[in-house]
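Notes to accompany the following structure.
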Amino acid sequence: MIERLKEAILKRDERAVWQIAADSWDDATERPDDAWPHMIEALAVADDDSIGAIATCILEHILEHDFSYFDRVEQEIATGNIKMRRAFLLCSRFGQSKLPESEQRWNKLVASLQGLTPVAPAVHRR
């Protein structure tokens, strides 16, 4: 299922992207080792909306069911994967990611990422 996600992203078919991502929950949670490389490939070609679909429908669910994948998230971000950074920041915590030890790691990463990109106030020019 997730293999088709990259194709839909490349076709710029946002409706299909969201549908495929939503349909991929089971694949992502039951076979995260299989889902992970496809998710990384899809992120590589994803636009902002597609990153949202990947984040909330796939990455979030992987972390919900197997928080050991957080190590991979950290690795991807550390190696400069800006799209993984964006995807992670769109995720909410559920399941295993809400456990106290997971929450500490999660919050530490969020804080460090938010420190890297302070939001500048909007400048209005006339």
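Just one of the numbered conditions (1) free of Cβ contacts under 8 Å to residues at least 24 places away in the same chain; (2) surrounded by 11 or more Cβ atoms within 10 Å (Cβ to Cβ) is not true of Leu63: (1).
Take the residues of region 34-93 that are more than 23 Å from Arg12 (Cβ to Cβ) and of a type in the set (Gly, Ala, Ser): which is nearest to the chain's Cα centre (by Cα)? In this case the residue turns out to be Ser92.
Of all residues in region 80-110, those that are farther than 19 Å from Asp48 by Cβ, surrounded by 12 or more Cβ atoms within 10 Å (Cβ to Cβ) and basic (Lys, Arg) total 3. Filtering Ile20, Ile40, Ile2, Ile9 for residues that are modelled with pLDDT under 90, surrounded by 14 or more Cβ atoms within 10 Å (Cβ to Cβ) and among the hydrophobic types (A, V, I, L, M, F, W, C) leaves a single hit, Ile2.
The values are calculated or read from the model by the stated rules, or taken from the named source; none is laboratory data. All figures in this text were calculated on a predicted structure; none of them were measured in a lab. No Cβ is skipped: glycine too gets one built from the backbone with ideal geometry, and neighbour counts run over all protein chains shown.
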